[in-house]
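This report refers to the structure that appears directly beneath it.
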Number of protein chains: 4
Amino acid sequence: MKKTIEEKRKDVLEVATKLFAEKGYEATTMAEIAKLANVGFGTVATYFENKENLLLKCVEEPMADFLEEVLRFNTQPNDYQEEIHQMTLKHFQLFSEKRLYLLLLIHVTSQWEKYMKPYLIANKAAREMSDKFEQLIQNGQREGKLAEANANVLAISYISLLLGLFLSNTDQFSESALKLYAENATRLFGLQ
Amino acid sequence: MKKTIEEKRKDVLEVATKLFAEKGYEATTMAEIAKLANVGFGTVATYFENKENLLLKCVEEPMADFLEEVLRFNTQPNDYQEEIHQMTLKHFQLFSEKRLYLLLLIHVTSQWEKYMKPYLIANKAAREMSDKFEQLIQNGQREGKLAEANANVLAISYISLLLGLFLSNTDQFSESALKLYAENATRLFGLQ
Amino acid sequence: MKKTIEEKRKDVLEVATKLFAEKGYEATTMAEIAKLANVGFGTVATYFENKENLLLKCVEEPMADFLEEVLRFNTQPNDYQEEIHQMTLKHFQLFSEKRLYLLLLIHVTSQWEKYMKPYLIANKAAREMSDKFEQLIQNGQREGKLAEANANVLAISYISLLLGLFLSNTDQFSESALKLYAENATRLFGLQ
Amino acid sequence: MKKTIEEKRKDVLEVATKLFAEKGYEATTMAEIAKLANVGFGTVATYFENKENLLLKCVEEPMADFLEEVLRFNTQPNDYQEEIHQMTLKHFQLFSEKRLYLLLLIHVTSQWEKYMKPYLIANKAAREMSDKFEQLIQNGQREGKLAEANANVLAISYISLLLGLFLSNTDQFSESALKLYAENATRLFGLQ
DNA sequence: AATGAATGAGGCTTCATTCAT
DNA sequence: TATGAATGAAGCCTCATTCAT
């Protein structure tokens, strides 16, 4: 039973993302990607032109869905406590699930001069997140529901906490552990 | 005026740390390190045997001092509010100052299978930090001064926030910005 | 008109054998082999993995045919005089023709600790030769046709004479010279 | 108790000869020689200028004594049988003892284009040996004591047998084994 | 005289890319 | 369209040599 082109292309992207994230871009070879994706290694070149472009696609293509999920919260909820609880839990679950993708984003970010195009994509997304968090925070502060901290600082701290947690821990978190971390994070916002 | 061996060795270590952190281990060439450190490139090999060992020394040698500074806080202070305020400010300043070193630690951690020896060093340090933070938190909780969260979760969240902040932001923070972030972080502990 | 893979592989092996034999393994560069074999120098790596393995193949692959030719004599002939005359002539011609291969064998033998795998192959062949010569000698002695020397000593002396002649003389022997040396060697066996 | 310069120089030469012979010229490092000779490695350069010249001295200096010993036989003896018996035994003992030196000579001979100067020395010696053997043989033939073979062929065969034996056998021969081989070799001359 | 720190040329190897099938 | 044989650029490392002490 042969796979469609679209399926094979996706296999390659997934394998590449995993390897780029775990071993780094330079240390990952095209041959290794091809092998783990069960395609001939000329095929990878056919699909993605070259290695650099493959990295770009690894960063680019999942971004829309990822960002959409991250930003799926209400900046003017009736109940800030409830909204933020749900949001943090969602984020911790999502970031845990997409850990490899985040690792990849950090890689391209920390070497932004080399990976300019992927970096710009990652950076734009980070700003969008930060902006929407700020809105939520400012709205909550205006209604006296959230701590009176600098909204930008708080937003960036929140993102940093999320990233730092999944980047510096190599092993998976259980569902219950994620819940604990999510609840803990709400304190940043001045809740509880 | 010639530099001593010790000075040149230190130059090499500093340059290597910077490049490994910014560009990644694989993407950094020995020739580049040598050039920026103003030594012939056989000299790097003379000092450090090989690239892998150079990485190890970059991680290993600064660790003792770094760890000592990070752990320089009192786990049973009279005034928890004051102690934690000072501690967080100290940590944000220190992590900002040692940003490159932290980047390097994250690199080896995120690819721990490849960089086993450096990873073990980084990991041991992380556990020591986490342990001492936990002690502080548990003591504070026993006296009713800190939030009743799981101490381990809180400690790891605090470290994650610190790491995440300096890893995902490529530019320097001003002294006043650091102060804001530090104060903001105290909320994690349930202060203010 | 393009060469087949098999032809190119053989070209590389021949060039490598020649250079390894004439200049020594260490002094021969992969680039030199590739150039003389008219292939790109990555190609040599594609065919043979690495230099060490190339040496192994140079020793290994021609051995079966070579050994078969060397051992093509009758250990119980009717006419020992005739058989040994023909055998020695054959051997001197063969060793002259395969001079480069023999040089290579001596190289790996004289540095056996470094070239373990090729050495074992060469050594096994040497023992097979020696064994079959001994049989011939013992049979001839039993029938009173050959000198009453220690058979093992005689066999090894014969091989040594063959090897020594072609190793220590850098230039080619003419057909008539070979005949002279061959006849001369029969005296070792106590003939004539 | 410090060694004299002359003693240290000799140590270096001996170590170098051993290593050049066993591992080959290219595979032997100056550092290794210096270490085994218990001198600093700049010292080797001070004594011998450079590696190439060290090789030359390894070949050159022992040659006079060696040649003198090899040529110490009478080309017009009263008893050819006796003289040749004694000569062969002497040669087999000497070549066994100087096996490393002979290996070295073969090395430089088989790569004569690279090691021109050492090669010329070795070659000149070989011709001197061959010439004196020829004289002995021709004299013996004239008196009807030796086989009527081509004297040059016989001389070269004899040298070849000696060289081949010690080059292709990696292990030491016992005194009694040497005696067997020596006696066996006399048959080449038509004795016994 | 003796040493070894510093150096960079050159080799082996890896690997992204090209191209003919 | 999919493949992998062929290629050579570039990196790490080894090591002979130089030179200041």
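Each value in this text was obtained by applying a stated rule to the coordinates, not by laboratory testing. The structure displayed is predicted, hence computed values, not measured ones. Here Cβ is always computed from backbone atoms with ideal geometry, including for glycine, and neighbour counts include all displayed protein chains.
Overview of values
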quantity: Sum of -39500 (n - 2.57) over DSSP H runs of 4+, divided by residues of chain D (222 nm, nearest 500); calculated: -23500 deg cm²/dmol
quantity: Pairwise label distance in nanometres, residue D:76 with residue D:32, each label 7 Å out on the Cα-Cβ vector; calculated: 5.0
quantity: Rounded to whole Hz, the Karplus (6.51, -1.76, 1.60) HN-Hα couplings of the stretch B:138-143, x for glycine and proline; calculated: 5, 4, x, 5, 4, 8
quantity: For the stretch A:91-192, with +1 on Lys and Arg beta carbons and -1 on Asp and Glu, the positive-most of A:104, A:150, A:118 along the dipole; calculated: A:118
quantity: Integer Hz, Karplus 6.51/-1.76/1.60 couplings in order for the stretch A:113-123, x for Gly and Pro; calculated: 5, 7, 10, 4, 4, x, 4, 4, 5, 5, 5
quantity: Proximal aspartates and glutamates to residue C:117, defined as alpha-carbon separation beneath 15 angstrom and excluding residues fewer than eight positions away on the same chain; calculated: C:52, C:60, C:61
quantity: Cross-link pairs beyond the 30 Å C-alpha cut-off, checked among A:90/A:124; C:18/D:23; D:98/D:132; C:179/D:124; D:3/D:90; calculated: D:3/D:90
quantity: Inter-copy label distances at residue C:81 (7 Å, Cα→Cβ; nm, one decimal); calculated: 2.4, 12.1, 12.2
quantity: Charge sum, other residues only, whose C-beta stays under 10 Å from residue A:48's C-beta, Lys/Arg counted +1 and Asp/Glu -1; calculated: +1
quantity: Using alpha-carbon coordinates, inclination of helix C:51-60 to the longest axis of chain C, degrees; calculated: 30
quantity: Rotational relation D to A, axis-closest Cβ in chain D, residue and distance rounded to whole Å; calculated: D:27, 16
quantity: Phi-based couplings in Hz for the stretch C:170-186 (Karplus 6.51, -1.76, 1.60; Gly and Pro marked x); calculated: 7, 9, 5, 9, 6, 4, 5, 5, 4, 4, 4, 5, 5, 4, 4, 5, 4
quantity: Relative contact order [Cα under 8 Å, 6+ residues apart], the stretch A:59-189, whole percent; calculated: 37
quantity: Cα-derived Rg over Rh, computed across the protein assembly as shown with Rh taken as Kirkwood radius; calculated: 1.19
quantity: Point-to-point label distance, residue A:112-residue B:124, nm (Cα→Cβ direction, 7 Å offset); calculated: 3.5
quantity: Degrees separating the helix B:99-110 axis from the principal Cα axis of chain B, which is the longest one; calculated: 90
quantity: Efficiency of FRET between residue B:50 and residue B:169 - r from beta-carbon atoms, R0 35 angstrom, step 0.05; calculated: 0.60
quantity: Position residue B:152, label points 7 Å along Cα→Cβ, spacing to each other copy in nm (shortest first, one decimal); calculated: 3.8, 7.0, 9.0
quantity: Zero-based 10 Å bins, Cα pair distances in the stretch D:1-49, whole percents; calculated: 28, 58, 13, 1
quantity: Cβ-derived FRET efficiency at R0 60 Å, residue A:64 paired with residue C:65, nearest 0.05; calculated: 0.40
quantity: Equivalent ellipsoid dimensions for the stretch C:59-189 as semi-axes, Å, which come from the Cα gyration tensor, largest first; calculated: 25, 18, 13
quantity: Cα centroid of the stretch A:82-126 to Cα centroid of the stretch C:121-192, whole Å; calculated: 77
quantity: Nearest-first distances (nm) between copies at residue C:131, label 7 Å from Cα via Cβ; calculated: 4.7, 6.4, 8.3
quantity: Relative contact order for the stretch C:1-49, counting Cα pairs under 8 Å that sit 6 or more residues apart, in percent; calculated: 34
